[in-house]
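Derivation of every value follows stated rules applied to the coordinates shown; laboratory data play no part. On a predicted model such as this, the values are computed, not experimentally measured, just so you know. Virtual Cβ from ideal backbone geometry, glycine too; neighbours counted across all protein chains shown.
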Amino acid sequence: MENTIPSLNFHLYEPCNMRCKFCFATFQEVKKTILPKGHLPFKDAENIIHLIGKSELFQKINFAGGEPTLHPHLPKLIEIAKSYNLTTSIVTNGTKLTTDFLEKTKKYLDWIALSIDSLDDETNLKIGRAITGKHVFSQDKYYKIIDKVQKFGFKLKINTVVNALNYQEDFSEFLTNIKPNRWKILQVLEIEGENENSVKPFLIDNTQFESFIKIHSHLENITDLAPETTNQIKGSYIMINPAGQFFDNVDGKYKVSQSINEVGIHHALSEIRTDFEKFVDRKGIYEW
Ligand code: SF4
């Protein structure tokens, strides 16, 4: 398959212990219909990783959620992905980055992407970026988690969703101190069926998003800045949902393929739409 996006996001585990109001990974339709628990049995998830590895279509796999670290077998799935020589990554809210988890994964996991939307407790509380929507992580707590991640030798990415509550916030000092390998800066995104009832107060226009980028453009010297507008996000990802189906977000809602375990990688992939040029345009290819 020519120009397949070489980087894949497996939204392995729908449950999450945070309550971000703009979350576009709630997978309510999947939960209502085919997967009430919000995740596949381990054997089915494992089989998908084998199919991905054997297909040789991808170079990198990112485990996402919900919150993937709540999955009891995440370390094993990362290990299987690494056995196919894939670059491995997780995106996490940081609540379960225990020493035990970091020990178990250090041989097989390359990247940890930590979601941080604000360094202000009040803003995080309003967003819902807090355990059970109530208990936020302080800036000091984020520093401690990052210190641990970096001491273990993982590459660090920070993911920030820019929205109406944080687009004027200045992260410069924090970013200068932690020096992540990459900072992914995402414009908050509305997805029908996922967050349309709660995202509206958080939406920002392109000018507001650009103003956030401008405040931080001087950080180019210390980290790899990767901003993504809503237009760039749509269609530029290959994603698998917790039920093991590819899905795309081209129309601002999720269109899903048949089950990968039932019809195979190539067939399932042919049922979704992806845009390789957009992937390149949003700096999807980097030193991973
Ligand atoms: S931490 Fe991530 S998955 Fe959980 S609610 Fe927030 S955005 Fe959604």
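For this structure, a couple of remarks:
- Cα centroid separation - segment 87-131 against segment 161-227, whole Å: 17 Å
- Taking a straight line from the alpha carbon of LYS155, these aspartates and glutamates sit under 14 Å away, with near neighbours fewer than eight places off in the same chain left out: ASP110, ASP147, ASP224, GLU287.
- In whole angstrom, segment 101-218 maps to an equivalent ellipsoid with semi-axes of 25, 17, 14, each derived as √(5λ) from the alpha carbon gyration tensor and ordered largest first.
- Over segment 1-45, volume per residue of the alpha carbon convex hull, in Å³: 138 Å³
- Per-residue extension of 0.36 nm, minus the Cα-Cα distance of SER83 and ASP44, leaves a gain of 12.3 nm for this segment.
- Annotation: amide H-H contacts under 5 Å for THR87 (H modelled 1.01 Å from N, sequence separation of 5 or more, or interchain): LYS60, ILE61.
- Measuring against 20 Å, Cα to Cα, the residue pairs LYS54/LYS96; LYS200/LYS253; LYS82/LYS104; LYS31/LYS184; LYS234/LYS283 contain LYS54/LYS96; LYS31/LYS184 as the ones spanning a longer distance.
- Projecting the Cα positions of ASN9, GLY53, SER236 onto the charge dipole of the chain (unit charges on Cβ atoms of Lys, Arg, Asp and Glu, taken about the Cα centre) puts GLY53 furthest along the positive direction.
- Divide the volume of the convex hull around the Cα atoms of the chain by the residue count and you get 120 Å³ per residue.
- Based on C-alpha pairs under 8 angstrom that are at least 6 apart in sequence, segment 119-208 has a relative contact order of 25 percent.
- Taken over segment 191-288, the ratio of Cα radius of gyration to 2.2 N^0.38 Å equals 1.29.
- Per-selection Kirkwood Rh - segment 33-152 (Cα, Å, 1 d.p.): 15.6 Å
- Per-residue ellipticity at 222 nm from helix content only, as computed over the chain with -39500 (n - 2.57) for each DSSP H run of at least four residues, stands at -9000 deg cm²/dmol.
- Cysteines in the chain that, by Cβ-Cβ distance, have no pairing candidate under 4.7 Å: CYS16
- Projecting label points 7 angstrom from Cα along Cα→Cβ for ASP140 and LYS104 puts them 3.0 nm apart.
- Dimensionless Rg/Rh of segment 143-212 - Kirkwood Rh, Rg from C-alpha atoms: 1.06
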